[in-house]
Amino acid sequence: MISLLQHTAQHCWKYISPPRQIAAAPECQTLTVQLSLARGEFSLQIHNNLPLKGITALFGRSGCGKTTLLRAITGLDRHANAQICLNDTPWQQGKEFVPVHQRRIGMVFQDSSLLPHLSVEQNLLYGFKRRAKNSVVQLEPEQVISLLELSTLLALPPAQLSGGQRQRVALGRALLSQPQLLLLDEPLASLDQQSRNEILPFLQRIASHTCIPMLLVSHQLDDVVKLADQLVLMQNGRIISQGPLPQQLMQPQLAASGAMSLLHARSHGCNQHLLKLSVGQQQLQLPAPMHTGNANYSPTAYRLRIQARDVALSLAPLNDSSVSNQLKVSIIGFNTAPHPAETLVQLTLEGQPLQALLTTQSVERLGLQIGQQVYAQIKAVALD
């Protein structure tokens, strides 16, 4: 096996840092799935078109059918009468069945499944040369190494890697298979919190720099909100809802997992360690992130994760309050909350959905009604 340095010389490639967009994919792909199966008391009935752009999360409680659906998409399981197509390419239709190794899918599971007797470099290149001979190479090893910051790990065996490092190598190996789709089955489930925090930015980086759509299976809503662009909500073997993540977070079925909202905001610089942001025409400020990487790193856009219980409502702005972020919102609906004494108030802020978790007594005391304009006091925000 040739070394990566030799490979670099042959391809006249220089490392890129920070990585820029390094591959192009169709603006939006569509995965069509027609699948019916029964196993004992469990029934899976999927008849959906899934638009794939960025990161699409398959979310639902354990046992709802997420992994069964994923294995059918990959071709690991073959089911009678199933129809699965990516864009206009049938992977299973009638008697036609494309085996898993021909579907150009990169797969990452809970267990990184690295080959223990091979180094990180050898694991990365495992199967790459065969794939490079048979298809157009969109991603070179040097690009993936730079993207996932693996250069210092190349000579190490998997046994000397942390859980997060092993998953980064598994991601790299999946990318070097030249996939047109990445499937991630609970890739963070086996990691401790520190390792989860380590791997999340790399998943975000892959999505933004490679343009390869990703299908992420998870039952952790917090991970989904940090990563996903689209959400497919599954329950009892059915897809009950799908669409852009901010709108999907308003679904009442998600309240039991911890009701929250996602806002997209633009940055207007930093002053006295406070980040100035805008949501539409309204302004808010938050403690600036303590970046430990590139000192020149300055995002122009942020995702704001807001727990519903961190949003309070008032009929007028509060002058004598420690909460500085008070934004004008409109009430668009009410949902029941997991606790019988509470109500989820659904709001719109400059066209973006927002939720507030209040006691039902407070809703009645304030006389809140659909269509009413009120002020949202946002007490805490997580930045991505």
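Data for the structure
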read-out: Selected from Gln253, Leu231, Leu147, residue furthest toward positive end of dipole (the chain; charges at beta carbon); value: Leu147
read-out: For the chain, calculated [θ]222 nm from helices alone, where every DSSP H run of n ≥ 4 adds -39500 (n - 2.57); value: -6500 deg cm²/dmol
read-out: Theoretical gain in end-to-end length, Tyr375 to Arg39 [0.36 nm per residue, Cα-Cα removed]; value: 115.9 nm
read-out: Equivalent ellipsoid semi-axes - Cα gyration tensor, the stretch 260-383, angstrom; value: 29, 14, 13
read-out: Modelled FRET efficiency - R0 30 Å, Ser162 with Arg61, Cβ distances, 0.05 increments; value: 0.55
read-out: Likely footprinting exposure, Val120, Val279, Val137, fewest C-beta neighbours within 10 Å first; value: Val137, Val279, Val120
read-out: Cα-Cα over 23 Å, subset of Lys276/Lys328; Lys66/Lys226; Lys53/Lys95; Lys328/Lys379; value: Lys53/Lys95
read-out: Ascending count of other beta-carbon atoms within 10 Å, so fewest first, for Cys85, Cys28; value: Cys28, Cys85
read-out: Among beta bridges that DSSP assigns inside the chain, antiparallel share in %, nearest 5; value: 80
read-out: Spin-label pair Gln247/Gln235, simplified geometry with 7 Å Cα→Cβ offset, distance in nm; value: 1.8
read-out: Lys, Arg +1 and Asp, Glu -1 on Cβ, resulting dipole of the stretch 260-383 about Cα centre, debye, nearest 20; value: 260
read-out: In nm, spacing of pseudo-spin labels at Leu315 and Thr336 (7 Å Cα→C-beta vector); value: 2.9
read-out: The chain, dipole about Cα centre (Lys/Arg Cβ +1, Asp/Glu Cβ -1), debye to the nearest 20; value: 640
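No value in this document is a laboratory result; all are computed from the given coordinates. Since we're looking at a predicted model, the values are computed, not measured. Cβ: placed from backbone, ideal geometry, glycine included. Neighbour counts: every protein chain shown.
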